[in-house]
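The values are calculated or read from the model by the stated rules, or taken from the named source; none is laboratory data. All of these numbers come straight from a predicted model, not from anything done at the bench. Cβ atoms come from the backbone with ideal geometry, glycine included; neighbour counts cover every protein chain shown.
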């Protein structure tokens, strides 16, 4: 089996062909949005950061934004800065150059001279980028090129015993095909660290998985918080999830049964194949963003209660094991696994169907989050979203 | 009719897959055989019902793993949730 994707000059493979307009900081966001609105088919990537952050958070912002631009789904980018912000033109261009050689342009409002002139100049650049992007054609790619984020949000107990188990089966299939599923959300492995520790491909990887989860739990304790008092969320509890251990053990089901081949930092570029773990957040949007910065071309997102979360760069496939949620919130959900609960279909059948659907999405079929232009951005800040 | 899921044979709780009213049977499969618990209270869909009695402090198992401990005694057929089950707090667990 193959899929048709975009082969980028930096070696990455894309399943979308975005021309991105990114504000360099929140002050230039309105102007950047005007530019994107004026060029049909361009993609606005919201960015609330880039200024007035401590140096660690500034570095995190740059790591995530440069990673998202380097994602194979992006053809090229215009960054619209204000001019006086912390993250300057060279900060952006150097960080991006370290990850990709694709076209990236930068203009600033203070240098160009106000809103109208910046919009006019920005539109020219984005139109030219768009014209070039349209020359790209999809080519046959091996399924081993797929990097698939594994994420959940708005969970209910069906996530743990239906959608996550089906996604785990799909994840196993992708690993067997040479591909790269990536589990994230470190706080939602708390209580399941002993299980992850046994799933490292080597004892060293197992140890690193364990230590990553323990470090996360300690971050909360150091901040005076017992994470097990604040997670699960009120919605998780209302639906029947009682403790963080219960949520976590259900959560890691979506990584299937294959061994973990590596552990990556938040937003770090994923450069090897096989099942991976990324040190992400419990806040699902900040976690999706880190996966996309790491290079996942798409994200498989399970939910029991329903959520519209999307990402400008990567399709976010919504999968639910709660049939009632699938029917009632159908305009934001893509795949129903509830047949695994009623016994109408086996986990294996649904896992294979989900893989086929993922390949269709790789070939260009849009998901509900894309149809609805949903694009959310949150970047972890000194553990505040941890 | 099967209306409960036992994730692992050692589990002390069963998850119900339809809303259960007091006195109704929860039926689930244990190693291919149907087993039944009579619900002592109403149990909302996807919530847990006890298949073993527990004393305060006892470990509760789901997915074959520890999901917390009882903070109140409960009997077979009782609803198991935040009123009688708690996480093993980070600050209190054995290192």
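In the condition set (1) part of a strand (DSSP E or B); (2) surrounded by fewer than 24 Cβ atoms within 10 Å (Cβ to Cβ), residue A:21 is compliant with all but (2). Here segment B:62-78 is the region considered, the condition is being part of a strand (DSSP E or B) and more than 10 Å from every other protein chain (Cβ to nearest Cβ), and the residue that is surrounded by the most Cβ atoms within 10 Å (Cβ to Cβ) is B:74. Here is a check on your reading of the model: is residue B:56 facing chain A (nearest Cβ under 9 Å) and under 21 Å from residue A:244 (Cβ atoms)? It is false that residue B:56 is facing chain A (nearest Cβ under 9 Å) and under 21 Å from residue A:244 (Cβ atoms).
Picking from residues in segment A:217-251 that are more than 10 Å from chain B (Cβ to nearest Cβ) and part of a helix (DSSP H, G or I), the one that is surrounded by the most Cβ atoms within 10 Å (Cβ to Cβ) is A:251. Only a single item in (1) surrounded by 24 or more Cβ atoms within 10 Å (Cβ to Cβ); (2) not in a strand (DSSP E or B) is not met by residue A:11, and it is number (1). Look at (1) in contact (Cβ under 8 Å) with a residue 12 or more places away in the chain; (2) surrounded by 14 or more Cβ atoms within 10 Å (Cβ to Cβ) and you find that residue A:128 fails only one, number (1).
Looking at residue A:98, is it within 25 Å of residue A:7 (Cα to Cα), surrounded by 18 or more Cβ atoms within 10 Å (Cβ to Cβ) and either at pLDDT 95 or above or more than 14 Å from chain B (Cβ to nearest Cβ) (or both)?
no
Scan segment A:50-69 and give yes if some residue there is within 20 Å of the chain's Cα centre (by Cα), closer than 19 Å to residue A:123 by Cα and either outside any helix (DSSP H, G or I) or outside the structural domain of residue A:310 (by TED's automatic domain parsing) (or both), otherwise no. The answer is yes; a qualifying residue exists.
Test residue B:42 against the stated conditions and say whether it is farther than 26 Å from residue A:252 by Cα, surrounded by fewer than 14 Cβ atoms within 10 Å (Cβ to Cβ), modelled with pLDDT of 95 or more and within 14 Å of another protein chain (Cβ to nearest Cβ). Answer is yes for this residue. For segment A:159-177, a residue qualifies if it is farther than 30 Å from residue B:16 by Cα and either touching a strand residue (DSSP E or B) at 6+ places or on another chain (Cβ under 7 Å) or without any contact (Cβ under 8 Å) to a residue 40 or more places away in the chain (or both), and the qualifying residues are A:174, A:175.
Every residue, every condition in (1) under 30 Å from residue A:12 (Cβ atoms); (2) surrounded by 14 or more Cβ atoms within 10 Å (Cβ to Cβ); (3) under 22 Å from the mean Cα position of the chain (by Cα), yes or no:
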residue: A:327; (1), (2), (3): no, no, no
residue: A:331; (1), (2), (3): no, no, yes
residue: A:336; (1), (2), (3): no, yes, yes
residue: A:346; (1), (2), (3): no, no, no
residue: A:351; (1), (2), (3): yes, yes, yes
residue: A:354; (1), (2), (3): yes, yes, yes
residue: A:376; (1), (2), (3): yes, yes, yes
